[in-house]
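Student: I'd like to ask you about the structure that follows.
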Amino acid sequence: MVINIIEKYTERADFMLKDNLHQVQQNIKAACDRAHRNYSDVTLIAVSKTKPVEMLSEIYDEGIREFGENKVQEMCEKMEVMPKDIHWHMIGHLQTNKVKYIVGKTSLIHSVDSLHLAKEIQKQAIKHDCSCDILVEVNIAGEESKFGTSQDEAISLVEEIAKLDHIHIKGLMTIAPFVDDPEDNRQYFRDIKQLSVDIAQKNIDNVSMNVLSMGMTGDYTVAIEEGATMVRVGTGIFGERDYSNAN
Ligand SMILES: *Cc1c(COP(=O)(O)O)cnc(C)c1O
């Protein structure tokens, strides 16, 4: 099993992952200092999609326990072989027919953007006799290419999902536009932070807004300055992804 997965995600690193990791952690610390925030309030999620378990193990050995994946099958395969104390984060667009494979196994689903999907998560959570923590994904810049509910519809979606008693909404997630200058995303991060404050003030039953999942390799320090509590960093830790032999 281990061998299969290593062969499947074959690309190898020619650098020390732990050096990358420590650099990212230092950058997070510096951003926390600038924003007068506690380092412990920001969780680094190592986004390991397309990378072999060998590479995940390398940073597991450095103490990382939060891993993010965007494909159900890949996540499940890696779960099988990696240590059981890892918290797995589903960060990619989730099809309803795949929900059954991950409910009860993921620590947080970041990418819930419709009531339809939430209802399937509820159904599977009942079946597995568990509850499921989720974030509502907001398409903060209104980009056509991106999943996520619109800023305008976010509150009513949260209110609807809140009625599903096997789901707990923990906060919001966004994928900001791909930009050269991370400063260009600062306003979007401010907007979603404000949205989460607005939702929190409504005191909706079964909803907390403690988690704000935003910021990727290109912009995580700006995201932290604007209130991110989870940053999702892939390239900055594992290097560029190679999709050339993706199936
Ligand atoms: C791939 C991915 C990331 C990580 O992107 P990097 O730019 O490599 O850090 C973060 N969030 C989501 C939703 C992703 O799909």
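Student: Which one of 103, 72, 112 is within 15 Å of residue 168 (Cα to Cα), buried (at least 19 other Cβ atoms within 10 Å of the Cβ) and within 16 Å of the ligand (Cβ to nearest atom)?
Tutor: Values: 103 fails: within 16 Å of the ligand (Cβ to nearest atom); 72 fails: within 15 Å of residue 168 (Cα to Cα).
Criteria check complete, one pass: 112.
Student: Could you grab the pairs with beta carbons closer than 8 Å, sequence gap of 6+ or different chains, first residue in segment 103-119 and touching a residue at least 40 places away in the same chain (Cβ under 8 Å) and under 17 Å from residue 165 (Cα atoms), second one basic (Lys, Arg) and open to solvent by 40 Å² or more (accessible area, probe 1.4 Å)?
Tutor: Pairs found: 108/170.
Student: Among residues belonging to segment 132-168 that are acidic (Asp, Glu) and within 16 Å of the ligand (Cβ to nearest atom), point out the one that is least open to solvent (accessible area, probe 1.4 Å).
Tutor: Taking the candidates together, the pick is 137.
Student: Here's a follow-up. Which one of 98, 71, 84 is out of contact with any strand residue (DSSP E or B) (no Cβ under 8 Å at 6 or more places or on another chain) and more than 30 Å from residue 145 (Cα to Cα)?
Tutor: Details: 98 fails: more than 30 Å from residue 145 (Cα to Cα); 71 fails: more than 30 Å from residue 145 (Cα to Cα).
Checking each option against the conditions leaves just 84.
Student: Next question. Confirm whether residue 196 is open to solvent by less than 10 Å² (accessible area, probe 1.4 Å) and more than 16 Å from the ligand (Cβ to nearest atom). Write out each step before concluding.
Tutor: Values: open to solvent by less than 10 Å² (accessible area, probe 1.4 Å): yes; more than 16 Å from the ligand (Cβ to nearest atom): yes.
Judged against the criteria, residue 196 is a match.
Student: Looking only at segment 211-234, how many residues end up being β-branched (Val, Ile, Thr) and either modelled with pLDDT under 95 or open to solvent by 10 Å² or more (accessible area, probe 1.4 Å) (or both)?
Tutor: Initial filter on segment 211-234 (β-branched (Val, Ile, Thr)): 211, 217, 221-222, 224, 229, 231, 233.
After this cut, where a residue has to be either modelled with pLDDT under 95 or open to solvent by 10 Å² or more (accessible area, probe 1.4 Å) (or both) as well, the list is 211, 217, 221, 229.
Result for segment 211-234: 4.
Student: So residue 171 ticks every box in (1) in contact with a Leu (Cβ under 7 Å, 6 or more places away or on another chain); (2) more than 16 Å from the ligand (Cβ to nearest atom); (3) not polar (S, T, N, Q) but one. Which box is left unticked?
Tutor: (2)
Student: Which members of segment 46-58 meet the condition of being in contact (Cβ under 8 Å) with a residue 60 or more places away in the chain, of a type in the set (A, V, I, L, M, F, W, C) and either away from the ligand (no atom under 15 Å from the Cβ) or surrounded by fewer than 22 Cβ atoms within 10 Å (Cβ to Cβ) (or both)? Let's see the steps before the verdict.
Tutor: Quick first cut of segment 46-58, residues in contact (Cβ under 8 Å) with a residue 60 or more places away in the chain only: 46-51, 55.
Filter once more, so that each one left must be of a type in the set (A, V, I, L, M, F, W, C): 46-47, 55.
Within segment 46-58, 55 is the sole residue that qualifies.
The values are calculated or read from the model by the stated rules, or taken from the named source; none is laboratory data. Here the structure is a predicted model, which is why all the values come from computation and not from measurement. Counting neighbours? That spans all protein chains shown, and the Cβs are built from the backbone with ideal geometry, glycine included. What goes into the accessible areas is simple: the full protein's heavy atoms, side chains included, and nothing from ligands, DNA or RNA. Shrake-Rupley method; radii C 1.70, N 1.55, O 1.52, S 1.80 Å.
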